[in-house]
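The values are calculated or read from the model by the stated rules, or taken from the named source; none is laboratory data. All figures in this text were calculated on a predicted structure; none of them were measured in a lab. The protein model used for the area step is the full one, side chains on, heavy atoms only, and it has no ligands, DNA or RNA in it. Shrake-Rupley method; radii C 1.70, N 1.55, O 1.52, S 1.80 Å.
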Amino acid sequence: MPTVSELYHAHRLSMVRLAVLLVDDPGTAEDVVQDAFTALYRRYGERITEVDNALGYLRTSVVNTARSVLRRRRTARAWIPPVTADVPSAEASVVLDEAHREVLAALGRLTPRRRQVLVLRYWADLSEAEIAETLGISRGSVKSNASRALDALERILEGRV
């Protein structure tokens, strides 16, 4: 019976060639073969007396390890990373901050009632009925104040006022 060292020196290159054909990467193929020889040594020691066909055992080990490598590759290629939240760039934050400042400044130029209606409608997300109840005005008054406020905001933001 040959030893693991003798098998390694005699058959390592042919096992690497076999593995290269299976995994299509010389570095990975060498790792596959090294793993097969290491597993043989760990299981049986230097003298392989319990294995009838050590070369066949190694060949099977190389093929099975190559299959595992290919499965891991397939899984890695199929993996879709989790969607990360889009973080705005610093420039986008500055532009957005500037837009917010412009809107806030425009809101400040509205009458108090119109400003209240818009804030309750778009920021607090209240219905017309809830706004009317909160401000103690009619629903019709909420509608007309909201419409006039939006028109005024548009004029202010376009620079027409």
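Taking region 31-50 on its own, how many of its residues are in a loop (DSSP other than H, G, I, E, B) and of a type outside the set (Asp, Glu)? Quick ask: steps written out before the conclusion?
To start, the set of residues in region 31-50 that are in a loop (DSSP other than H, G, I, E, B) comprises 45-46, 48-50.
Next, only the ones that are of a type outside the set (Asp, Glu) stay: 45, 48-49.
Selection size over region 31-50: 3.
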query: (1) modelled with pLDDT of 85 or more; (2) under 16 Å from Pro2 (Cα atoms): which one isn't true of Ser61, the others all being true?
result: (2)
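Residues are listed down the side, and each one gets a yes or a no for (1) in a loop (DSSP other than H, G, I, E, B); (2) open to solvent by less than 50 Å² (accessible area, probe 1.4 Å):
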site	(1), (2)
Ser5	no, no
Asp52	yes, no
Leu55	no, yes
Arg67	no, no
- request: State whether the residues of region 77-94 include one that is open to solvent by less than 100 Å² (accessible area, probe 1.4 Å), closer than 20 Å to Ala146 by Cα, at pLDDT 80 or above and small (Gly, Ala, Ser).
  value: no
